[in-house]
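Encoded as structure tokens, the structure appears first; notes follow it.
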Amino acid sequence: MAIRIIPVSPFDLVVFGGSGDLAQRKLLPALYHRFADGQFDEASRIVGISRREMSSEAYREIAERAIKKHVRAEERPTETVNRFLSCLDYLSHDVTKTDHWTKLGKKLAHKSERVRVFYLAVAPDLYGSICTGLGRAGLATPESRVVLEKPLGYDLASAEAINGVVGTVFNEGQIYRIDHYLGKETVQNLMALRFANALFEPLWNSAHVDHVQITVAESIGVEERAPYYDGSGALRDMIQNHMLQLLCLVAIEPPSSSSADALRDEKLKVLHALKPIQEDLVGERTVRGQYRAVEAGTLSIPGYIEEVGHPSVTETFVALKAEVANWRWAGVPFYLRTGKRMAKRVSEIVIQFRSIPHSMFESTAGRIASNRLVLRLQPDEAVKMFLMIKDPGPGGMRLRQVPLNLSFAETFGTRQPDAYERLLLDVVRGNQSLFMRRDEVAAAWRWVDPIRDHWERSSDSLQGYIGGTWGPSAAIALMERDHRSWHDDNG
Ligand code: BG6
């Protein structure tokens, strides 16, 4: 299938943390793909910035290695890679030194009318000083945008402090708070499914939906990210942002238009409608776990504590039951679950519909399972609708549940672009729809903070789980108590 590319005008992109892990793993490969597809050309400039002293040539070598590692061989002809590398430049920069801002100013000076993107792929405690530096050096032109990576603070107060400082230099229309889950193809497909089809809307409410499940499971542990992760944990790292954003997109009312604020206004209403989990219910409605080492025969996988190298009560797994207290969703639980070192890497959203009110079939037909819509975010992006059908052939009426399976790879046969490809170009185009507004971030922290506070007061609630499993048994019990179970179609 032909890919439709809308080229953008030449821009300047400055990546703070330009030689760091995110830049190498995600940003440079994503930019390369957009370049290779012809969305921008050599007139655009990408300036990597970090403390490290190195030449632009050395930086291009780092970028080349990153592209070789993260882009498939057939997608990186040498000539295209070289043309892309010619857009790259490097500046060693200490944000605390004034003369460094002057150097950056000189690099950007001759094209001051261009769209300028400052991407902050650094620790959030540097966001304030970088933005202040940009402001003082006069680099925050009207055409400038700043991209803030998560985590945006570690609670409501710290997030507001960061947003406050950034807001003194850039206005809200220039601030792009990235949540890369919003750039995933299937997440955008959730909006297409809901708002470009008439079929689902009449069923998308508490009269027809029994519950919603959102799972983001990773098979890897925290590995080299341990220093960051240990101060964060799964609640801050995944629930406060990615998982709540997914919940919002399932639960929002249809926005009146595709404008950024129409969508974000609706998400904010959902966040405001989230019922606070009161202190006396935190134990019953939330589960937090930490993976333990696995030693079986020749198999030896370290536990979280071995990976961080000291005792820790940081959770690597969270399951919880949330409620959206509004007309559409009253009484429909939203079960969220995320964890590291789980049985497999899978992210999906499950809409479980209610069961039929009455069966006309004999008991010999078998159990009638309720319909289930599954949106698989990764791996193998797909939309599956589980339906009951008659088992084919003779032998009387026997019913069976099968999925109508829309696999994106099989149907479209194209490479699924990485979320960062879409999001980076959205910043250049000035489209904020898939970025979080300040009030959304604050509302999400407001809901999450009391859970965190309660956990901190009761360290005994942390449960161990064996690496490579689906988390603590309490997570299974969380659903079984409600006579429900986590979806697993093994497909
Ligand atoms: C990041 C988290 O935001 O998302 C990581 O900080 C997590 O801990 C990652 O591994 C998951 O992203 P993806 O796209 O691999 O599902």
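The values are calculated or read from the model by the stated rules, or taken from the named source; none is laboratory data. In this text the structure is predicted, and so the values were computed from the model without any measurement. Cβ coordinates were reconstructed from backbone atoms using ideal geometry, including for glycine residues, and neighbour counts include every protein chain displayed. The protein model used for the area step is the full one, side chains on, heavy atoms only, and it has no ligands, DNA or RNA in it. Shrake-Rupley method; radii C 1.70, N 1.55, O 1.52, S 1.80 Å.
Data overview
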| item | result |
| --- | --- |
| With Cα atoms, 0 to 90° folded angle of helix 438-457 axis to the chain main axis | 60 |
| Separation in nanometres of the label points that stand 7 Å from Cα toward Cβ, at R429 and H358 | 5.1 |
| Helix 56-70 axis, angle to the chain major axis (alpha carbon atoms, nearest 10°) | 20 |
| Packing-based ranking, highest mean first, of 394-401, 215-222 given that Cβ atoms within 10 Å are counted | 215-222, 394-401 |
| Of K26/K267; K69/K103; K26/K106; K103/K150; K269/K321; K69/K106, those spanning more than 24 Å from alpha-carbon to alpha-carbon | K26/K267; K69/K103; K26/K106; K103/K150; K69/K106 |
| Where the chain is the region considered: accessible area per residue in Å², 1.4 Å probe | 44 |
| Fraction of accessible area attributable to carbon and sulfur, the chain (%, probe 1.4 Å) | 54 |
| Taking only Cα atoms of the stretch 272-379, radius of gyration then Dmax in Å | 19.6, 60 |
| Residues with amide H under 5 Å from that of V122, placed H, sequence gap 5 or more | E149 |
| Listed peptides 237-243, 165-171, 296-302 by packing density, highest first (mean Cβ within 10 Å) | 237-243, 165-171, 296-302 |
| R0 of 51 Å, Cβ-Cβ distance D391-S219: FRET efficiency to nearest 0.05 | 0.90 |
| Angle in degrees between helix 185-195 and the longest Cα principal axis of the chain, rounded to the nearest 10 | 60 |
| Candidate aspartates and glutamates - alpha carbon under 18 Å from K107, same-chain residues fewer than 8 apart omitted | D12, E42, E53, E57, D89, D94, D99, E143 |
| Rounded to whole Å, sorted largest first: equivalent-ellipsoid semi-axes of the stretch 344-439, Cα gyration tensor | 40, 17, 9 |
| Net lengthening on full extension, E61/T96 (0.36 nm per residue, minus Cα-Cα) | 9.9 nm |
| Mean projected area in nm² (Cα convex hull; one quarter of hull surface) for the stretch 165-214 | 5.8 |
| Candidates per trypsin sites (Lys or Arg not before Pro) in the stretch 58-155, loop by DSSP, up to 10 other Cβ within 10 Å | R72 |
| Square roots of five times the Cα gyration tensor eigenvalues for the stretch 16-157, Å | 26, 18, 15 |
| Cross-link partners of K344 among lysines (Cα-Cα below 17 Å; sequence separation of 8 or more within a chain) | none |
| Beta bridges per DSSP with both ends in the chain, % antiparallel, nearest 5 | 55 |
| Taking the C-alpha atoms of the stretch 119-219, convex hull volume expressed per residue in Å³ | 172 |
| Label zone at E75 (point 7 Å along Cα-to-Cβ), backbone N below 20 Å, the stretch 19-50 | 21-42 |
| For the chain, the fraction of alpha-carbon pairs in successive 20 Å shells from zero, as % | 21, 53, 23, 2, 0 |
